[in-house]
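I have placed the structure first, in the form of structure tokens, so that the comments after it can refer back to it.
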Amino acid sequence: MRKLALSAALVALAGPALATGLDIQIAGQANGTVHVELFDDVAPQHVERITTLAEEGAYDGVYFHRVIESFMAQTGDVQYARNPSEGGDMRRAGTGGSDYADLPAEFSDIPFTRGVVGMARSSDPDSANSQFFIMFTEYPSLNGQYTVVGEVTSGMEVVDQIKRGQGRSGAVAGEPDMMQTVTVTD
């Protein structure tokens, strides 16, 4: 009985887990706010990275540099995927990251379905850094191969309007849509 009372007291002190989210204000061909609920309990290191970069303002003004119809929209290259007047180099978009070290994979059994947000990486499973993507549709071949960090809970109609890229690479020609501001929410 004493153990049960102590456990209940500890749970009460801890309180409910805080849910973290992002509000992403998108500008360009698509305009509006997308809300993403982040999965702190599934990918804590990746969620911490995304929220740190958002709080630092690193994602503000970053383009959606790779957008493939019936697949996903990728963004988050804080090093290169921004306006050249802000130090960006769109010829290298998708190859950059943040000043922080790459992250070890935090794979889960959450499937990649419409609205799921995953971390982009190279062929090395432990190479995710700052880039992430939002799924337009289900894509089972990604399941268990990429870290799921959250899902869009409102604004998917805005995601659907993001300017698409060309060819298999999905590189966006001209002026890509951008994350104008990214704000951490509780």
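Tabulated data
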| item | result |
| --- | --- |
| Considering residues of segment 91-111 that are at pLDDT 95 or above and more than 25 Å from VAL159 (Cβ to Cβ) only, the residue most open to solvent (accessible area, probe 1.4 Å) | ASP99 |
| Residue pairs meeting the criteria (Cβ under 7 Å; at least 6 apart or on separate chains; first under 24 Å from SER122 (Cβ atoms) and open to solvent by 10 Å² or more (accessible area, probe 1.4 Å), in segment 144-168; second basic (Lys, Arg) and at pLDDT 95 or above) | TYR146/ARG121; GLY165/ARG66 |
| GLY88 being open to solvent by less than 30 Å² (accessible area, probe 1.4 Å), farther than 17 Å from GLY118 by Cα and modelled with pLDDT under 95 | yes |
| Residue check, ALA54 open to solvent by less than 60 Å² (accessible area, probe 1.4 Å), hydrophobic (A, V, I, L, M, F, W, C), over 21 Å from SER123 (Cβ atoms) and in a loop (DSSP other than H, G, I, E, B) | no |
| Whichever residue in segment 69-81 is more than 16 Å from the chain's Cα centre (by Cα) and in contact (Cβ under 8 Å) with a residue 40 or more places away in the chain and, among such residues, is farthest from ALA171 (Cα to Cα) | SER70 |
| Filter pass, ARG114 being charged (D, E, K, R), part of a loop (DSSP other than H, G, I, E, B), in contact (Cβ under 8 Å) with a residue 24 or more places away in the chain and crowded, with 18+ Cβ neighbours inside 10 Å | no |
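The values are calculated or read from the model by the stated rules, or taken from the named source; none is laboratory data. This is a predicted model, so every value here is computed, not measured. Backbone-built Cβ (ideal geometry, glycine too); neighbour counts: all protein chains shown. Side chains are part of the model used for accessible areas, which takes the heavy atoms of the whole protein and leaves out ligands, DNA and RNA. Shrake-Rupley method; radii C 1.70, N 1.55, O 1.52, S 1.80 Å.
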